[in-house]
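These notes are about the structure you will find just below.
The values are calculated or read from the model by the stated rules, or taken from the named source; none is laboratory data. As the structure is a computational prediction, the values presented were derived from the model and not from experiment. Neighbour counts are summed over all protein chains in view; Cβ atoms, including those assigned to glycine, are modelled from backbone coordinates with ideal geometry.
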Amino acid sequence: MMISIKYLGRFGNNLIQFFSAIILQQLLNLQTITPLENVKDGMLINEEMYYRSCNLNVCTLNNVLRTLREYYNCSDYTFSKLSECIILNDYCQRSNHLFEHRDLILRVKNNEDLVIYTSYQNGDQIREPMFYKEEKDRLKFYFKDLFAKHIQNDMDDIVLHIRLGDFNKKEPLILNPEFYVEQLKTFKERNVLIIVETPKNELEYRYIDYIIKRSDKECRVQNTTCYNDWLTIRNARYIINSNSTYSWSASFLNERAEKIVFPDTDIFENQKLERNDERWTTIFIEKEKLINLENFFKSI
């Protein structure tokens, strides 16, 4: 049996889907996560089915298949597909579940024999992610690179991630910049590295400038590639996250951080931050407090 992934959303979403596949792969004692384009047939597993599968207290693959068949009341045809390939077809972003199995994910980087091939898929077309551009040949090895041991970051700056762009919708999703200003006050460190996609308009520049001018820290902005910026967060010692799976996934894998601040905006019910990790400080933010850039700057 193999596991494949139908990737949904953007970079952070894809990482969490991949983490979920690793968990399922190891709990079911399987060998390979295979590219979706190599799968001719298989059983689509949604979020509910996925979490049931991970909670199965079974020891052998045959028991897993039999129990899955009973759970999902599979027809013979569907069950035959299931015995060949499971296709993870959902976001699977319950953070408490990910924290529970974090050791299984981190184990991947120490297992040179684990076979992991993935690709970024949208319908029938292989997409060219903006964070890879022309590096098509590296796509199938992409996720394994995330665990590379040679990637180091020795700086002690506060790394602060901002999510703007597609979050600037009529229904507000952007954090009030005062969140960042207030959280920076809780750190004694002086230097701040702001991770943000290249601003696309004047309002996005004003948002970043708002934080820099109201902070008493030395701030600089970094926007290299999506991949390198993610690695900067993953290796940082101090982190202030945005309400984004992009920075959340990097913080989740970070083994070096001493303090991680995360805003729980209570928008996505499956991303409750339940954990036993004293490094994490969760700041609950009512979704009514999120902003739209145009309205925010009109009000000040």
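Values computed for the structure shown
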read-out: Within segment 183-285, helices (runs of 4 or more DSSP H) holding 2 or more residues that are among the basic types (Lys, Arg) and at pLDDT 90 or above; value: 202-214
read-out: Test: residue in segment 206-222 that is among the aliphatic types (A, V, I, L, M), buried (at least 17 other Cβ atoms within 10 Å of the Cβ) and under 18 Å from the mean Cα position of the chain (by Cα); value: no
read-out: Number of the condition not met by TYR227 [criteria: (1) closer than 30 Å to TYR51 by Cβ; (2) crowded, with 20+ Cβ neighbours inside 10 Å]; value: (2)
read-out: Unmet requirement for PHE19, which otherwise passes all of (1) touching a Lys or Arg at 6+ places or on another chain (Cβ under 9 Å); (2) under 13 Å from ILE87 (Cβ atoms); (3) modelled with pLDDT of 80 or more; value: (2)
read-out: Any chance GLU258 is over 18 Å from the mean Cα position of the chain (by Cα) and more than 30 Å from ARG94 (Cα to Cα); value: no
